[in-house]
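Have a look at the structure below before the remarks.
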Number of protein chains: 2
Amino acid sequence: MIERHIRDVPDFPKPGIVFKDITPLLQDPKAFQRSIEGMAGRVADFEIDAVCGIESRGFIFGAALAAHLGKSFIPIRKPGKLPWRTATESYELEYGTDTIEVHTDAVEEGQRVLMVDDLLATGGTMEAGVKLIRKIGGDPVACVFLIELDFLKGRNKLRGIPVHALARYDQ
Amino acid sequence: MIERHIRDVPDFPKPGIVFKDITPLLQDPKAFQRSIEGMAGRVADFEIDAVCGIESRGFIFGAALAAHLGKSFIPIRKPGKLPWRTATESYELEYGTDTIEVHTDAVEEGQRVLMVDDLLATGGTMEAGVKLIRKIGGDPVACVFLIELDFLKGRNKLRGIPVHALARYDQ
């Protein structure tokens, strides 16, 4: 159901990659709302305190979901964007490394945090996000994605945390 | 009311600038929800079809507001992030220029679009956003911000479009 609102864009961001474009889904009000409600439904049993979204597309689903659930929203951002004291975490890319940050006071000790992003690919970004939330005293209790690319096995990097996705692709 | 959830961070991103940090507001579920409802209330009369948010903090309020109102969400992004055909618009910064993009098929002809961002400062980004939406056939009928820095006179760049802000600072 979600899948028909996802557009495959070949050779983006580079040759050989088929990019999953979520903008048609965002453009369809019912599909967008159903995806937020779908995420909420998947995590209804986790008694979460806060929703964490990873810049930038994670902000779209994370913030809408936090508002829908009436919970806090915690933004994880690229380096140098957050103005207050931050914790940082780096992770490996195909070539080189990337870094993400969160404010050190973004959660209260022991708060139960739902981690949100639009896409689970190799899992490196979300693995770093999970570490970051733990570093500042939060408890990442579940991850939810709009899309999971099964064949990249990103779940393996998130062992011990329930992972949900509304649409899964095996190729 | 919103103001007490905004944290002033001096000398960010550079000496002499007092940055308005919105993360304490996002962290307070009631304040976050009231801000979304407050934005919705300000624009209730505009009969909008879609909400447009500008990367990255504009995604937080724009997407939550679109989901709240049951409307489309249109992301305006930094260059090279959107995978499909794009329209682009450049604008001047203090030093140099910046560019933003939107998918050419992000709106239907004549759709009434609410423009959203967290902060109205000099107005350059939002002015470019308004031009971009017009370029692809949309009608930007109103702008709404969480915060407006009155003393930077950003409204002057948005003449002809109603501008609303939940919190206004005159210094």
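Here are a few things to note about the model shown:
- Rounded, prolate or oblate (a/c below 1.5 giving rounded, otherwise prolate when a/b exceeds b/c) for chain A by Cα gyration tensor: oblate
- Per atom type, the range A:63-171 shows carbon and sulfur on 45% of its accessible surface, probed at 1.4 Å.
- Using the Karplus relation 6.51 cos²θ - 1.76 cosθ + 1.60 with θ = phi - 60°, the per-residue 3J(HN,Hα) values for the range A:154-166 come to x, 4, 4, 7, 10, 4, x, 10, x, 10, 10, 9, 7 Hz, with x marking Gly and Pro.
- Inter-chain Cβ neighbour count for A:51-57, averaged per residue, equals 4 (cutoff 10 Å, partner chain atoms only).
- Overall form of the range B:1-72 per C-alpha gyration tensor (a/c, 1.5; a/b vs b/c): prolate
- Exam field: A:Glu109 pseudo-label spacings to other copies (7 Å along Cα-Cβ), nanometres: 6.3
- Nearest-20 debye value, chain B charge dipole, Cβ charges on Lys, Arg, Asp, Glu: 60 debye
- Area buried, chain B against chain A - accessible surface, total, 1.4 angstrom probe, square angstrom: 3100 Å²
- Net charge dipole, the range B:105-171: roughly 280 debye, given to the nearest 20, about the Cα centre with Cβ charges of +1 for Lys and Arg and -1 for Asp and Glu.
- Coupling constants for the range B:23-28 follow from the phi torsions by the Karplus curve (6.51 cos²θ - 1.76 cosθ + 1.60, θ = phi - 60°), and in residue order they are 5, x, 5, 5, 6, 9 Hz; glycine and proline get x.
- Put simply, the amide H of B:Gln111, placed in the peptide plane, has neighbours under 5 Å in B:Asp139, leaving out anything fewer than 5 places away on its chain.
- When GluC sites (Glu not before Pro) are flagged only if DSSP places them in a loop and at most 11 other Cβ atoms lie within 10 Å, the longest unflagged stretch of chain A comes out as A:110-171.
- Ranked packing of B:134-140, B:21-27, most packed first, by mean Cβ within 10 Å: B:21-27, B:134-140
- Alpha carbon centroid spacing (whole Å) that separates the range A:64-123 from the range B:1-55: 19 Å
- Mean ellipticity per residue at 222 nm, deg cm²/dmol - from DSSP H runs of n ≥ 4 across chain B, formula -39500 (n - 2.57): -8000 deg cm²/dmol
- Separation in nanometres of the label points that stand 7 Å from Cα toward Cβ, at B:Glu3 and B:Ile17: 2.3 nm
- Rounded accessible area per residue of chain A, 1.4 Å, Å²: 44 Å²
- Residues whose amide H lies under 5 Å from that of A:Leu119, counting only those 5 or more places away or on a different chain, are A:Leu146, A:Ile147; hydrogens are built 1.01 Å from N in the peptide plane.
- Working note: Karplus 6.51/-1.76/1.60 with θ = phi - 60° gives the range B:79-91 the couplings x, x, 9, 8, x, 8, 5, 10, 9, 10, 8, 10, 8 Hz, where Gly and Pro are set to x.
- Rounded to 5, percent antiparallel among DSSP beta bridges of the range A:46-149: 30 percent
- Per-residue shielding of B:70-81, expressed as the average number of other chain Cβ atoms within 10 Å of the residue Cβ, stands at 4.
- Proximity of backbone amide H atoms, modeled 1.01 Å from N, is registered between B:Thr104 and B:Arg85, B:Thr86, B:Ala87 at under 5 Å, excluding neighbours fewer than 5 places apart on the same chain.
- Dipole magnitude of the protein assembly as shown, debye to nearest 20 (Cβ charges: Lys/Arg +1, Asp/Glu -1, about Cα centre): 20 debye
- DSSP bridge pairs, the protein assembly as shown: antiparallel proportion in percent, nearest 5: 35 percent
The values are calculated or read from the model by the stated rules, or taken from the named source; none is laboratory data. The structure presented is a predicted model; accordingly, all values stated were derived computationally and were not measured. No Cβ is skipped: glycine too gets one built from the backbone with ideal geometry, and neighbour counts run over all protein chains shown. Areas reflect the complete protein model, heavy atoms only, side chains present, ligands, DNA and RNA absent. Shrake-Rupley method; radii C 1.70, N 1.55, O 1.52, S 1.80 Å.
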